[in-house]
1. Take the alpha-carbon centre of segment 319-364, take the same for segment 156-231, and report the distance between them in whole Å.
2. If you take every DSSP beta bridge whose two residues both sit in segment 1-105, what share of them, in percent to the nearest 5, is antiparallel?
3. Give the angle, between 0 and 90 degrees and rounded to the nearest 10, that separates the Cα long axis of helix 75-88 from the longest principal axis of the Cα atoms of the chain.
4. Hey, which lysines would be in cross-link range of Lys134, C-alpha to C-alpha under 29 Å, not counting anything within fewer than 8 residues on its own chain?
5. Where the only charges are on Cβ atoms (+1 Lys, Arg; -1 Asp, Glu), what is the dipole of segment 79-156 about its Cα centre, to the nearest 20 debye?
6. For q values of 0.12, 0.13, 0.14 Å⁻¹, compute log₁₀ I(q)/I(0) with the Debye formula on a Cα-only model of the chain, without solvent.
7. Measure nothing fancy, just the Cα-based angle from helix 219-230's long axis to the longest principal axis of the chain, in degrees from 0 to 90, nearest 10.
8. Which translational diffusion coefficient, to the nearest whole µm²/s, is obtained for segment 243-312 from the Stokes-Einstein equation, given a Kirkwood hydrodynamic radius over C-alpha pairs, 10 °C and 1.306 mPa s?
Amino acid sequence: MFDLLVKGGTLPDGRSADIAIKGDRIIAVGSLDAPATRVIDATGDLVSPPFVDPHFHMDAVLSYGLPRVNASGTLLEGIGLWGELREIATAEEMVDRAIRYCDWAVSMGLLAIRTHVDTTPDHLSGVEAMLEVKRRVAPYLDLQIVAFPQDGLYRTATGRHNVIRALDMGVDVVGGIPHFERTMEEGAESLRDLARMAAERGLMWDVHCDETDDPLSRHVETMAREVTRHGLGGRAAGSHLTSMHSMDNYYVSKLLPLIAESGMTAIPNPLINITLQGRHDTYPKRRGLTRVKEMQALGITVGWGQDCVLDPWYSLGTADMLDVAFMGLHVAQMTHPAEMARCFTMVTDCNAEIMGLKGYGLKPGDQASLVILDAGTPTEAVRLRPDRMCVISKGKVVSEKVRNDSSLSLPGRPAHVRRRHAVN
Ligand code: FE2
């Protein structure tokens, strides 16, 4: 007797299969007829492992307009606003906003998030708040926390000390922001320092690296070297890497093999990169997204991150990783059918690999977490960003939607009839 049986869905690889769940595990996948406590009809729907967001700032989420909006729209004004907000926001307010966001994320089938928490303030109330959020959402959402020295590891008197304090408090991942240190050399030294920290503690490492339009911001080169030196491949990620957009092509031809050799992964954040980068340009304006297809061609794992929702840096956001994939597809010009399908994989499997999630997938023995989408294929899901009909986390239904046939009359909304006449 199964606890749950998801019948008739289409898996991302195109197979049609039933999925049987007992407890918090998938126990069988195939053509299944055994009785179950509950049967969910997924006929005609896409059944996928849950969405994963490997780059987010949950200590700032849903704070748009506090203490005021970012008038220039720049990264630097956003950092300045955040510097004010983090001193007046209480831990309770941060917890409340984060929990509300997690509820929203769950309804969108987003069940694992890596969040950077600012360790700059000596009070570390953001760290305490995020650890509390992680504890509270653990039954249904996997939260990884990165110790992130927003103002630089060496640029404040206690920057380095506070990263160590945060790690001692139980934060999961070592962060970094080398392009924000005072000099290129101090940026490079911060990477050597942080890589040692991650290696000695056996932790993962995720660096806001070269989030700038400066083509000579080449910290990713040093990061790759340190990843290779300490054997951190597979557990180190370079976030943003936007300077690579503007780098000299000859230099990039040397750089990319070094990144590939190191085994580090990459997390561009297309919604944010497209809005924050190029702000100092007149025309043509650079678009700031790193070289996604070129990295993938060398076997480097690249995911898509969301970064921000309604905060000092970004005035929009939907908690929908399909919105992120949709933007990434456009900015990276990933319009070949295989590339469009890959954009879905980037917000599922690739992001799960980047975060090192265990038991992620739809095989027997995997964690029973999945999302049922009102779409026929992964590419169609990216195109339509359709309703999440049902979300299952760790064997429990955590979100459900009643299918609404009136959507047929709403232009642009997904509907079964429209979908069945779709080309993909
Ligand atoms: Fe970020």
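The values are calculated or read from the model by the stated rules, or taken from the named source; none is laboratory data. Bear in mind the structure is a predicted one, so any value in this text is a computation, not a measurement. Please note: Cβ atoms are built from the backbone with ideal geometry, for glycine as well, and neighbour counts cover all protein chains shown. These area figures cover heavy atoms from the full protein model, side chains too; ligands, DNA and RNA do not enter into them. Shrake-Rupley method; radii C 1.70, N 1.55, O 1.52, S 1.80 Å.
1. What the calculation gives is 26 Å, centre to centre.
2. Details: 10 of 16 bridges.
So the antiparallel bridges amount to about 60 percent of the total.
3. That works out to roughly 90 degrees.
4. Lys22, Lys358, Lys363, Lys394, Lys396, Lys401
5. Numbers: 8 positive and 12 negative charges, 65 e Å.
Approximately 320 debye in magnitude.
6. For the requested q values the scattering log ratios are -0.97, -1.12, -1.28.
7. 80
8. This corresponds to a translational diffusion coefficient of 120 µm²/s.
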